[in-house]
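So the structure is just underneath, and the comments pick up after that.
The values are calculated or read from the model by the stated rules, or taken from the named source; none is laboratory data. Keep in mind the model is a prediction, meaning the values are calculated, not measured. Cβ coordinates were reconstructed from backbone atoms using ideal geometry, including for glycine residues, and neighbour counts include every protein chain displayed.
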Amino acid sequence: MAMNNPYAAYQQNSVTTATPGEVTLMLYNGCLKFIKQATLAINDNNIQDKNTNIQKAQKIIRELMITLNMDIEVSQNMSVMYDYMNHRLTEANVKNDASILKEVEGLVVEFRDTWKQVIQMNRQQQHRQGGQA
């Protein structure tokens, strides 16, 4: 019988109790982690790790794409950007180009930081509304 890993249990619990907004934030952070690991793998000339980590980042980008509500104009714009990032990740993988990974990393950071601000604004608004009830 395998021993329980308290860290894995904590991670699983944090995902299952997170709001949809917090899950999206976790996805952005995971994508950044995999892009950074892919960059290190390129620098170490480790083709297998580079490929694996870029593919993980692409899976996250695709997950973010399918969760968009395409009835909203901003989602259509985000979809175009996600598609661009996914294409650039493929290009970085084929060309072993860390500079492309850096470009995509910058875009993901912008999305993540904007998303953080949205979450904070929603919390402040809910807090104000809760105080008025």
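Among the residues of region 91-103, count how many are within 16 Å of the chain's Cα centre (by Cα) and under 14 Å from K56 (Cα atoms).
Going residue by residue through region 91-103, those that are within 16 Å of the chain's Cα centre (by Cα) are 101-103.
Filter once more, keeping what is under 14 Å from K56 (Cα atoms): 101.
Selection size over region 91-103: 1.
Could you give me the residue pairs with C-beta distances under 6 Å whose first residue belongs to region 45-56 and is of a type in the set (A, V, I, L, M), whose second residue is part of a helix (DSSP H, G or I) and crowded, with 17+ Cβ neighbours inside 10 Å wherever it lies, and which are 6+ apart or on separate chains?
Qualifying pairs under 6 Å: I54/A38; I54/L89; I54/N93.
Hey, could you check region 102-133 for residues that are free of Cβ contacts under 8 Å to residues at least 40 places away in the same chain and within 28 Å of I47 (Cβ to Cβ) and say which is surrounded by the fewest Cβ atoms within 10 Å (Cβ to Cβ)? Reasoning before the result, please.
Going through region 102-133, the residues free of Cβ contacts under 8 Å to residues at least 40 places away in the same chain turn out to be 103, 106-107, 110, 113-114, 117, 120-121, 123-133.
If we keep only those that are within 28 Å of I47 (Cβ to Cβ) too, we end up with 103, 106-107.
Working: E103: 17, G106: 11, L107: 14.
Ranking the qualifying residues of region 102-133, first place goes to G106.
Does S99 satisfy being modelled with pLDDT under 95, among the hydroxyl-bearing types (S, T, Y) and either in a helix (DSSP H, G or I) or crowded, with 17+ Cβ neighbours inside 10 Å (or both)? Write out each step before concluding.
Numbers: modelled with pLDDT under 95: no; among the hydroxyl-bearing types (S, T, Y): yes; either in a helix (DSSP H, G or I) or crowded, with 17+ Cβ neighbours inside 10 Å (or both): yes.
So S99 fails the test.
Does region 74-87 contain at least one residue that is among the β-branched types (V, I, T), within 24 Å of I35 (Cβ to Cβ) and exposed (fewer than 14 other Cβ atoms within 10 Å of the Cβ)?
The answer is yes; a qualifying residue exists.
Just the residues that are assigned to a helix (DSSP H, G or I), charged (D, E, K, R) and over 20 Å from G106 (Cβ atoms), please, taken from region 37-58. Walk me through how you get there before you give the answer.
Here is the first cut: in region 37-58, the ones assigned to a helix (DSSP H, G or I) are 37-43, 47-58.
Now narrow it down to the ones that are charged (D, E, K, R): 49-50, 56.
Within region 37-58, just D49 meets the criteria.
Take L64 and tell me if it is at pLDDT 95 or above and more than 19 Å from I119 (Cα to Cα). Quick ask: steps written out before the conclusion?
Working: at pLDDT 95 or above: yes; more than 19 Å from I119 (Cα to Cα): no.
So L64 does not fit the description; no.
Got at least one residue in region 118-125 being basic (K, R) and modelled with pLDDT under 95? Break it down stepwise before answering.
Here is the first cut: in region 118-125, the ones basic (K, R) are 123.
In the following step, the residues that additionally are modelled with pLDDT under 95 were identified as 123.
Within region 118-125, one or more residues are basic (K, R) and modelled with pLDDT under 95.
Whether any residue in region 81-91 is in contact with a helix residue (DSSP H, G or I) (Cβ under 7 Å, 6 or more places away or on another chain), over 19 Å from R112 (Cα atoms) and not in a loop (DSSP other than H, G, I, E, B) is what I want to check.
The answer is yes, given that some residue of region 81-91 is in contact with a helix residue (DSSP H, G or I) (Cβ under 7 Å, 6 or more places away or on another chain), over 19 Å from R112 (Cα atoms) and not in a loop (DSSP other than H, G, I, E, B).
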